[in-house]
Amino acid sequence: MRTAMCVAVLGAALGSALAVGVLHARAQTPGLAVGIDNFTFSPQSLTVKAGTTVTWTNNDDIPHTVAAVNKQFRSKALDTDDSYSFVFTTPGTYEYFCSIHPHMTATIVVEATTGSNAAH
């Protein structure tokens, strides 16, 4: 009986700790999204840590792409509500644009995971 009670208490504590971790992770996720709407990327500039996945979602009613100036990443044409994700592993500044509408531009700044400023 005592063993069962210890297991139950340990399980409850572990479950609570995991729930807090999930809530904390969800609180950080919104900063990792870029919206595409009205021929703009929003936000225009996003700063993330190395290892972060950024997801672009086309909220516009016409197709757009996400293409790095340095050619490190490029999406297919994204229709309305389509998304594209890329994992940024190397610190630096990544300029990108829509290859269908080249006047649409924005920037992702990737910092080192140690918290120090990345070389740009």
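The values are calculated or read from the model by the stated rules, or taken from the named source; none is laboratory data. Fair warning: this is a prediction, and the values are worked out from it, not measured in the lab. With ideal geometry, Cβ positions are generated from the backbone for all residues, glycine too; neighbour counts draw on all protein chains shown.
Which of the residues spanning the range 70-81 are assigned to a loop (DSSP other than H, G, I, E, B) and surrounded by fewer than 16 Cβ atoms within 10 Å (Cβ to Cβ)?
Asn70, Lys71, Gln72, Lys76, Ala77, Asp79, Thr80, Asp81
Among all residue pairs at least 6 apart or on different chains, which show Cβ distances below 9 Å where the first residue, located in the range 25-47, is loosely packed, with under 13 Cβ neighbours inside 10 Å and at pLDDT 95 or above and the second is of a type in the set (S, T, N, Q) and assigned to a strand (DSSP E or B)?
That search, which allows pairs on different chains as well, returns Gln44/Thr105; Gln44/Thr107; Ser45/Thr107.
Only residues that are of a type in the set (Ser, Thr, Tyr) and either more than 19 Å from Ala33 (Cβ to Cβ) or loosely packed, with under 14 Cβ neighbours inside 10 Å (or both): list them for the range 94-109, please.
Ser99
Has the range 32-40 got at least one residue that is assigned to a loop (DSSP other than H, G, I, E, B) and not small (Gly, Ala, Ser)? I'd like the intermediate steps shown before the answer.
Let us first name the residues in the range 32-40 that are assigned to a loop (DSSP other than H, G, I, E, B), namely 38-39.
Checking the rest, the ones that are also not small (Gly, Ala, Ser) come to 38-39.
Yes: the range 32-40 contains one or more residues that are assigned to a loop (DSSP other than H, G, I, E, B) and not small (Gly, Ala, Ser).
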